[in-house]
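Presented below is the structure to which this report refers.
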């Protein structure tokens, strides 16, 4: 039944995509993050929704020469993205043999870059930016909604185990926390009360979903986000009050097993799970030292031959004592950190580009905030959106320090959103009527 | 291995999600009803966070 209904929905979505470039672009982003195939079990489960919408969007974009000729502009973000794409290509080409996911991950990264570059062509005003934020929140927090409701219905005993699209419970917890600031932005800026409350409901169930994952990284991510919101928010005391209230609610709802697991954060240095991660970092750094410029290729640490060659190496972390690292099922082990993942896969040069992208998000965000400070309420939305996007990026940088999630699309999308927001705000400033809109031959 | 859980409620939530997406895309179509301009329909935004002034039309 679910598949038949989805087929019916596709018959509505496809014409919408075919007649409007921006609609096709939104569907591309939405289907990628929603991962609908995971929820379908029949004949529709094998349909490549993302591929279909991406192709439609790209064909419509390339059909309109004026669109990409007039609107495409190189800025720091697009240059850094292009550099990462080129660097990734070289790394994948020079990779160790036997890396099962080498080209798959590179192509995923390339698709993300393409999606972000198209954003600068199509997101030309506040309305479109708002629409893009809506689809990001709708698609990503849907998983939070499902797990959050299951957690409530089961009286706190439901365990969110993750999903193939994002990874295990720790990965999905980080993704959920990353989307919270954007859901909060939509709650504040949605005009219809009932829809705004809907976004608040999504936010609340997503928080519960993070608890349901039982992820310690998820808790650290939530604390990081809370600290960011309190430090950067205008009403600090109100922020602290809300956070304390939510914490009390979460702790009272969460099962005892969750509380005892979170308490193990205090003894991380004795925890075998944590020490295993440090062991994986040693192997990653050893791969990087052997291949300083281009690394060992995507997911090199998980290649059996690469793992066997470097598993006893200390890399540049020899000063930390760890027990011998064990691979999984005779193969390698995950890098367990976005930074060590990148340094092993793409070398120090790749890490430099990657860190520049992350840092650039904060530079652009700070520029937006500085640019519109004291400019009145007309710009408040841009200030708040920049702040929320920076909060998401901070969660990624902190939460990702213990996860292999370097090529996940959401942080790149947030970075590009900041770059596009900066363009919009700069243009709004130069327009006397205050209506932000990028130059365009037409508004497809 | 991730266990797939069938449930009626999950199915309804999926359809709700897709329906929300359709509503958003329908509103975005520049039609005669909204003066040839894009609109966000029920997802319209406030100009300022503190008020309920005009939004969502450009």
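Each value in this text was obtained by applying a stated rule to the coordinates, not by laboratory testing. All values derive from a computational prediction rather than experimental measurement. Please note: Cβ atoms are built from the backbone with ideal geometry, for glycine as well, and neighbour counts cover all protein chains shown.
So here's what we get for this one:
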item	result
Relative compactness, region A:191-235, computed as alpha-carbon Rg over 2.2 N^0.38 Å	1.39
Overall Cα dimensions of region A:351-402, principal axis frame, Å, largest first	39, 19, 10
Rg [Å, one decimal], Dmax [Å, integer] - the protein assembly as shown, C-alpha atoms	22.5, 70
Residue B:26-residue A:236 pseudo-label distance in nm [points 7 Å out on the Cα-to-Cβ vector]	4.8
Longest to shortest principal axis, alpha-carbon extents of region A:1-77, angstrom	46, 27, 14
Calculated on alpha-carbon atoms, Rg and Dmax of region A:74-134 in Å	14.9, 47
Length-normalised contact order for chain A - Cα pairs under 8 Å, 6+ apart - percent	20
For region A:101-162, the spread of Cα positions along each principal axis, largest first, Å	46, 38, 8
Paired Rg and Dmax values of region A:115-227, which use every Cα atom, in angstrom	14.7, 46
Mean Cα-pair separation over length for region A:1-73, i.e. relative contact order, pairs under 8 Å, 6 or more apart, %	33
Cα centroid separation - region A:21-81 against region A:353-403, whole Å	24
Relative contact order, percent, region A:1-156 [alpha-carbon distance under 8 Å, six or more residues apart]	26
Centre separation in Å (Cα based) which lies between region A:277-324 and region A:135-155	37
Tensor-based shape of region A:1-157 (alpha-carbon gyration tensor, a/c under 1.5 rounded, otherwise prolate or oblate)	oblate
Within a Gaussian network of chain A (alpha carbon springs, distance under 10 Å), most fluctuating of A:96, A:339, A:39	A:39
